[in-house]
Amino acid sequence: MSANSTDATLDREHALTLLRQMLRIRQFEDRCAQLYTELKIRGFLHLYNGEEAIAVGVLGSLEAQDAVVATYREHGHALMRGVPMNALMAEMFGKRTGSSGGRGGSMHVFDVARRFYGGNAIVGGGLPIATGLALAEKLAKRTGIVACFFGEGAVAEGEFHESLNLAALWRLPVLFICENNLYAMGTALSRSESVTDVRAKAAAYGMPALAIDGMDVVAVQAAAQSAVASIREGNGPQFLECRTYRLRAHSMFDTQLYRDKAEVETWRARGPLITFTTRCKRAGLIGEADFLQLQKDADAEVDAAVIFAESSEWESVDDLERWVYAEPPT
Amino acid sequence: MSANSTDATLDREHALTLLRQMLRIRQFEDRCAQLYTELKIRGFLHLYNGEEAIAVGVLGSLEAQDAVVATYREHGHALMRGVPMNALMAEMFGKRTGSSGGRGGSMHVFDVARRFYGGNAIVGGGLPIATGLALAEKLAKRTGIVACFFGEGAVAEGEFHESLNLAALWRLPVLFICENNLYAMGTALSRSESVTDVRAKAAAYGMPALAIDGMDVVAVQAAAQSAVASIREGNGPQFLECRTYRLRAHSMFDTQLYRDKAEVETWRARGPLITFTTRCKRAGLIGEADFLQLQKDADAEVDAAVIFAESSEWESVDDLERWVYAEPPT
Amino acid sequence: MTADAVESPRMSYRDALREGLRDALRSDPRVFLMGEDIGRYGGCYAVTKSLLAEFGEERIRDTPLSESAFVGAGIGAALGGLRPIVEIMTVNFSLLALDQIVNNAATLCHMSGGQCPVPLVIRMATGAGRQLAAQHSHSLEGWYAHVPGLRIVAPATLDDARGMLGAALRCPDPVLIFEHIGLLNMEGTLTAGAVPVDIDRAAIRRAGRDITLLTYGGSLYKCLEAATQLAADGIEVEVVDLRTLRPLDDALIVDSVRRTHRALIVDEGWRSGGISAELGMRIVEQAFFELDAPIARVCTAEVPIPYPKHLEDAALPSVPRIVASARALVSREP
Amino acid sequence: MTADAVESPRMSYRDALREGLRDALRSDPRVFLMGEDIGRYGGCYAVTKSLLAEFGEERIRDTPLSESAFVGAGIGAALGGLRPIVEIMTVNFSLLALDQIVNNAATLCHMSGGQCPVPLVIRMATGAGRQLAAQHSHSLEGWYAHVPGLRIVAPATLDDARGMLGAALRCPDPVLIFEHIGLLNMEGTLTAGAVPVDIDRAAIRRAGRDITLLTYGGSLYKCLEAATQLAADGIEVEVVDLRTLRPLDDALIVDSVRRTHRALIVDEGWRSGGISAELGMRIVEQAFFELDAPIARVCTAEVPIPYPKHLEDAALPSVPRIVASARALVSREP
Ligand SMILES: Cc1ncc(C[n+]2csc(CCOP(=O)(O)OP(=O)(O)O)c2C)c(N)n1
Ligand SMILES: Cc1ncc(C[n+]2csc(CCOP(=O)(O)OP(=O)(O)O)c2C)c(N)n1
Ligand SMILES: [Mg+2]
Ligand SMILES: [Mg+2]
């Protein structure tokens, strides 16, 4: 089954919110790409360009009590979860004021106050953790749920299967969100899975699975809301496949030999920002001035975040060995 | 779908062969259990009592060019593959004349001349190896196939999924045989899998899967023959679930708290030896005298094997470090 | 005084482990156990026998054969505020969960800038000696001790078998407890008032002035036996039970060697790159000029452990090998 | 003489690795490559770039993200008579395949009584220094060297980058090749006639009489730089490139230390329980009375590697730390 959104549910306020959230992610990341070429950001940098609708749609459907586990491609998720842009940018720079104290960088954003548990850079490595966080909710008789994001490449990992089975067997409150952007680095899904319909995997564990257009932020939000509601009622885990496309390179080192420019351009036209903006304009919900204003606001926020990051201190080398083991709270 | 055998295909010769093969395994293992209490056999000992029809049905359908990968519960498979009973019994004793030179014991029977690649004691650990053996067949443009045996407990391991996907994706010549005896040690399948129909897992990789009555040796053989033929033709891997039951304890340390005596007795009545014997007698294919003769023959072979094992030498302690690394053939 | 405080009955190391689990489950509702066959089967080595009946399915959780997922789920549950005790049936299967242990449990606290301590306890059976052959006889606790972020402990006595679990649960870090299969049937009595114990310090199990034997876990009793034999020849052996392999208790170790001037390390792990090498280097780095002889090691032969008893025995540290090595060191001129 | 034998053009370590792969694929039809993104993507670090075009899909096999399955499939393919080269993208992900490596590749030959040698080559990128943070910066080659049945090598020069692969393929045992990411862009020329190389012996990369520096892989160049700096002060440093971590070339190592009487070990692995400790103990066991100073180590700080450059640099061995340690050892009275 495949769900598609209608505009009946959209009003101007809602439209502006969704657009603002997607734009904020896009512009934050565009600046990161630029900062990477300026050597301000280093290590691996994985951009979410083209996939913003997923984080916005899903995370907008959560509550503060819920927990989130994401991958190395998690800037969008962090921003949507409420990690302040200043702290996120400082993390990209590796500064002490960063969300992980600068220790993690782009791939390891943590913010436990917001129940944002990374930023995991091992493909598939976050799924068991999400399953355990959900187990804690259940055993502690709390009502939070866990949203666990991963790419379609993770479906080939044993940890994916073990986790889905465990979550289904124990009826744990997890929403598994597969961000299917068709490629794992340079490997097309058809070269990594004998059955490319990833819902079939969830079905093997009896887990309700839905595939949706991950470029359509309203559709994602609708699907996420109903999945979250069901999970919160205690009906066990669910699986959401969001079909999307990564419009930029896998990381800053990728020459993209594995795909055609034409393919990328086709998908670019289907990008979540451009399609949603057009649609809102056509429906008369927003005008060009609104769009420009949102862009300006986001730009200003990004500018401020860069200034914050630039002017923040480095962690002292003396603290290198701090936190290898936990310290008693002071 | 579920296949069931008819007696149309059975003649006296065939019936005697199948019965002889099952009896040989049963009597070999009964003696092993006794030798265990006499402290002649040590370590872990996992008996195949109740499941003999599977090894007999499947391995009787292979050719010399084919390869086999089994688990720690592999005495039946080894015997059916042609490992001489003397060498197998000597291996149980840990003697130099054993099939693995005594190094492996009950859980690690190897016989490379017969393409019998263990005897793997890590649950799920044999599946990637079987997949690789099949890859070698394909890349070397040979026509062998690989039979890979494992219990239903292995279905929860990540390695199971990774291997099934890889084999299906690359269309490798493997027959995956799940010996579903309903328990993994003390854990019932319903407590380890959210979906207990294990064929659903194979379906998630687009692999043809069949469930059969693993207590019916003729049915197993029929299913195996057709699967092997298809695989040999180059149609890719297949999955065979053989539904069976372990009539004895998991190993010699198991007090079987997890299941009722009554349940065991119900299954005992459905055991492969008793049902097949009855059926052959009813069909007039064999008589009581035949049965007694087969028993006597097997007993004699087991007696001889024990004598062989008893009288064999221990490996010299000086050779302890031999074969950690391969030696050039002499 | 309560009934608990009267003189303890005789019990096995296995029973002591179970008592520790019971203490933990009774005293903290956040504690739960998960692992393969710990419930209905009663535990592969009967350590968890009867706990299911007492504490129920929610807290004594039989898992599928999915080592990576349930260890990772332990990490997640710890992040979620619980105090999970994960049993990996034996160290041999822990290799399937190594990604979760090394890439997550050991890193999360540091790489999150201190936000994500992982108060997880992982118990596993370790060691050889039961003719279980190459895939079921590893002693990898010393190997695990290489990884920063983990704590590694090895109870060798009944008191530690019971008490270390509680200490591990009070610790905010991931603690791996290695229980030697050769000790399970060992009998004794608990020392009254021995709980709580620490998990930071080594202990001198026998004092002596001629040579220090450094060991832990299943090898402790081989060393004590060797010490008895050597005493008959007038050689006074000090036997140190390391108790914790990460961190190592350098202070006690170095202090002992400074007094005896000789050290022999006995470890059931493989020799090359084992914890035995690290112990040796710690002494070289901190007490080199006080040594009267080279440091020596008695370790497991560098082979996958073979099934037959005579070969397994030959591969493992033994009392005669310990005695001979100690004698050779003591007889060397300073 | 063929065209190949004329003076070699300048190339990078990366190119030399690729040449080694090309040699192997050209000379033996049983050789094939499998791993993540080695084909269409051209290799995570561009080592395998262009090989797909030359050798085709059957022999340059892109795999799914299933480390355990494709490493195990490499073992199976080796048993089936092929000569697989498995690339694990980086050592960090090899933890997912550890069960196959330790419980199968390393045990099969011994536990089958010699019937099942596993002629498998596994290549992986290793090391830190690129700000990839805690989960992408491990140096575990020394850790792997603990496991009997495996051979561990670490090419540090262009000749070894090219030549060790061929030697590994001729070896009937599982060989793990660790390629340091910090060396990939290093340029130089291949020595004419340098192929074939051995994978059993260490090499002296600089001779000296005052102190021996034992190192390998990415740290070799830090040691050579330190040696240059120390030479300015009249301290003559011998730099040994271990090349193989299992087995260790005890003969060369001990011989060097017997001549210099001082040893400093430099290793990018974590300090405790690393290969550095084993090297130290080998020297203690074989040349204790010839040492004029304690053995010292410069290793990576015992932390998950942090992202920021200043912290990463502080964690890793550095030329100043090496120089200072060497100086301290040399200045110690014998
Ligand atoms: C276990 C593991 N193997 C390999 C890698 C290297 N790697 C990083 S991202 C990636 C691709 C993952 O693809 P997918 O899951 O589809 O996520 P996407 O990057 O497309 O969002 C790979 C192979 C890794 N980080 N972890
Ligand atoms: C990875 C791993 N985990 C746990 C074990 C311990 N163990 C040995 S056999 C077994 C049960 C396996 O059940 P199943 O796969 O159904 O095979 P069966 O024994 O029923 O034939 C377990 C848990 C093991 N050997 N390997
Ligand atoms: Mg993807
Ligand atoms: Mg079973």
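The values are calculated or read from the model by the stated rules, or taken from the named source; none is laboratory data. Since the structure is predicted, the reported quantities are computational estimates derived from the model, not experimental observations. Cβ atoms come from the backbone with ideal geometry, glycine included; neighbour counts cover every protein chain shown.
Within the range B:80-129, count every residue that is touching a Cys at 6+ places or on another chain (Cβ under 9 Å), within 16 Å of ligand 2 (Cβ to nearest atom) and farther than 18 Å from residue D:106 by Cβ. Adding up the residues that qualify gives 2.
Number of residues in the range B:314-329 that are more than 15 Å from residue B:41 (Cα to Cα) and away from chain D (no Cβ under 11 Å): the value is 3.
Only one of the numbered conditions (1) crowded, with 24+ Cβ neighbours inside 10 Å; (2) of a type outside the set (Phe, Trp, Tyr); (3) within 15 Å of ligand 2 (Cβ to nearest atom) is not met by residue B:167, and that is (3). The residues of the range A:75-112 that are of a type in the set (Lys, Arg) and within 23 Å of residue D:310 (Cα to Cα), listed by number, are A:95, A:96, A:103.
The residues listed here are B:193, B:162; of these, the one that is within 16 Å of ligand 1 (Cβ to nearest atom) and either part of a strand (DSSP E or B) or charged (D, E, K, R) (or both) is B:162. Residues in the range D:282-315 that are farther than 30 Å from residue C:328 by Cβ and either away from chain A (no Cβ under 14 Å) or of a type in the set (Lys, Arg) (or both): D:298, D:309.
Is it the case that the range A:228-244 has a residue that's surrounded by fewer than 19 Cβ atoms within 10 Å (Cβ to Cβ) and within 14 Å of ligand 1 (Cβ to nearest atom)? No, every residue in the range A:228-244 fails to be surrounded by fewer than 19 Cβ atoms within 10 Å (Cβ to Cβ) and within 14 Å of ligand 1 (Cβ to nearest atom). Might you check whether a residue that is polar (S, T, N, Q), modelled with pLDDT of 95 or more and within 20 Å of residue C:243 (Cα to Cα) occurs anywhere in the range C:90-113? Among the residues of the range C:90-113, at least one is polar (S, T, N, Q), modelled with pLDDT of 95 or more and within 20 Å of residue C:243 (Cα to Cα), which makes the answer yes.
Among residues of the range A:145-159 being facing another protein chain (nearest Cβ under 7 Å) and in a helix (DSSP H, G or I), the one that is surrounded by the fewest Cβ atoms within 10 Å (Cβ to Cβ) is A:154. A count restricted to the range B:36-70 and to residues that are farther than 22 Å from residue B:143 by Cα, among the charged types (D, E, K, R) and either within 12 Å of another protein chain (Cβ to nearest Cβ) or part of a loop (DSSP other than H, G, I, E, B) (or both) stands at 4. Among the residues of the range A:91-119, the ones that are in a loop (DSSP other than H, G, I, E, B) and within 18 Å of the chain's Cα centre (by Cα) come to 6 in all. Considering (1) within 20 Å of residue A:63 (Cα to Cα); (2) within 12 Å of ligand 3 (Cβ to nearest atom), the lone condition that residue A:142 does not fulfil carries the number (2).
In the set A:184, A:219, A:202, only one residue is away from ligand 2 (no atom under 16 Å from the Cβ), within 12 Å of chain D (Cβ to nearest Cβ) and under 24 Å from residue A:56 (Cα atoms); that residue is A:184. Scanning the range A:197-207 for residues that are within 28 Å of residue A:271 (Cβ to Cβ) and either touching a residue at least 40 places away in the same chain (Cβ under 8 Å) or buried (at least 21 other Cβ atoms within 10 Å of the Cβ) (or both) turns up A:198, A:199, A:201, A:202. With respect to (1) touching a Leu at 6+ places or on another chain (Cβ under 6 Å); (2) in a helix (DSSP H, G or I); (3) surrounded by fewer than 24 Cβ atoms within 10 Å (Cβ to Cβ), the lone exception for residue B:210 is condition (2).
The sole residue among D:53, D:24, D:16 that is more than 9 Å from every other protein chain (Cβ to nearest Cβ) and in contact with a Lys or Arg (Cβ under 7 Å, 6 or more places away or on another chain) is D:16. Filtering the range A:283-306 for residues that are within 14 Å of another protein chain (Cβ to nearest Cβ) and in a helix (DSSP H, G or I) leaves an empty set. Within the range B:133-144, residues that are more than 7 Å from chain D (Cβ to nearest Cβ) sit with their Cβ atoms under 8 Å from residues that are of a type in the set (Lys, Arg) and not in a loop (DSSP other than H, G, I, E, B), at 6+ positions apart or across chains, in these pairs: B:143/B:232. Within the range C:29-45, the set of residues being facing chain B (nearest Cβ under 9 Å) and without any contact (Cβ under 8 Å) to a residue 40 or more places away in the chain comprises C:39, C:40, C:41, C:42. When the range B:119-132 is filtered for residues that are facing chain D (nearest Cβ under 7 Å), more than 16 Å from ligand 1 (Cβ to nearest atom) and free of Cβ contacts under 8 Å to residues at least 60 places away in the same chain, the ones remaining, listed by number, are B:122, B:125, B:131, B:132.
Here residue C:81 fulfils each of the conditions (1) out of contact with any Lys or Arg (no Cβ under 8 Å at 6 or more places or on another chain); (2) more than 27 Å from residue D:99 (Cα to Cα); (3) at pLDDT 95 or above apart from (1).
For every residue, the table says whether it meets (1) at pLDDT 95 or above; (2) in contact with a Leu (Cβ under 7 Å, 6 or more places away or on another chain); (3) of a type in the set (S, T, N, Q); (4) crowded, with 24+ Cβ neighbours inside 10 Å.
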position	(1), (2), (3), (4)
A:61	yes, no, yes, no
A:72	yes, no, no, yes
A:84	yes, no, no, no
A:89	yes, no, no, yes
A:95	yes, no, no, no
A:103	yes, no, no, yes
A:109	yes, yes, no, yes
A:113	yes, no, no, no
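The conditions of being touching a Gly at 6+ places or on another chain (Cβ under 6 Å), in contact (Cβ under 8 Å) with a residue 24 or more places away in the chain and among the hydroxyl-bearing types (Ser, Thr, Tyr) are met by residue A:245. Taking the criterion of being away from chain D (no Cβ under 14 Å), touching a Ser or Thr at 6+ places or on another chain (Cβ under 6 Å) and under 28 Å from residue C:305 (Cα atoms), the residues of the range C:218-265 that qualify are C:223, C:240.
Residues in the range B:280-315 that are surrounded by 12 or more Cβ atoms within 10 Å (Cβ to Cβ), of a type outside the set (Asp, Glu), more than 27 Å from the chain's Cα centre (by Cα) and more than 16 Å from residue B:13 (Cα to Cα): 1 in all. Among residues of the range D:277-292 that are among the charged types (D, E, K, R), those with a beta-carbon under 8 Å from a residue that is surrounded by fewer than 17 Cβ atoms within 10 Å (Cβ to Cβ) and in a helix (DSSP H, G or I) at least six positions away or on a different chain give the pairs D:282/D:250; D:290/D:258.
The residues of the range B:243-273 that are closer than 24 Å to residue B:291 by Cβ, more than 14 Å from chain C (Cβ to nearest Cβ) and within 15 Å of ligand 4 (Cβ to nearest atom), listed by number, are B:244, B:245, B:247, B:248, B:264, B:267. Among residues of the range D:117-146 that are at positive phi and away from chain B (no Cβ under 14 Å), those with a beta-carbon under 8 Å from a residue that is charged (D, E, K, R) and outside any loop (DSSP other than H, G, I, E, B) at least six positions away or on a different chain give the pairs D:127/D:268; D:129/D:312; D:131/D:309; D:131/D:312.
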